[in-house]
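Single-structure report; data block below.
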Amino acid sequence: MKILLNKIKSIIFRLIFNFIVFYQKIISPILPARCRYYPTCSNYGKQALVWHGVWAGSWLLLKRISRCHPLGGHGIDFVPLPLASYKYHYLPHTIFSPVSHHGLGVYRDHNSYVCRLNHLMKAQS
């Protein structure tokens, strides 16, 4: 039963993802640019599907598309990170690495939103 459910999720994922790619390559170049958000709704949808899976990613995409109208919002709206899948560890002190002979240090951040976003974007491409 679990194998069947995973196959169904995989098929739905590929259908939605391939439809978005089809839209980006065939339909979008014909239409004038009109997305009110950055990243565009199609890029947002691809990221949401990859990061959150079929069900949560589709829900995020539907919420985003429903907000994209003349009376809706605008601006920068990134896909939220799937934080439920990460474990948090308490750091007793700040991690510094020496960068010069003066003993100055630079904070090495491996847990912030930007760091995780960069890591996930590299993994996606």
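Some observations on this one:
- Pairs where the first residue, in segment 20-44, is closer than 19 Å to SER58 by Cα and the second is in a loop (DSSP other than H, G, I, E, B), C-beta under 7 Å, 6+ apart: CYS35/CYS68; TYR37/CYS68; TYR37/HIS74; TYR37/ASP77; CYS41/CYS35; CYS41/CYS68; SER42/SER28; TYR44/VAL79
- Counted residues, segment 27-68 - those being in contact with a helix residue (DSSP H, G or I) (Cβ under 6 Å, 6 or more places away or on another chain) and of a type in the set (S, T, N, Q): 1
- Selection from segment 32-69 of residues that are within 21 Å of LYS122 (Cα to Cα), among the small types (Gly, Ala, Ser) and outside any helix (DSSP H, G or I): none
- Leading residue by the ranking (nearest to PHE17 (Cα to Cα)) among those in segment 42-69 that are surrounded by fewer than 20 Cβ atoms within 10 Å (Cβ to Cβ) and touching a Lys or Arg at 6+ places or on another chain (Cβ under 7 Å): VAL54
Just so you know, all these numbers are worked out from the coordinates, no wet-lab data involved. None of the values given here were measured: they were computed from a predicted structure. Cβ sites come from the backbone with ideal geometry, for glycine too, and all protein chains shown count toward neighbours.
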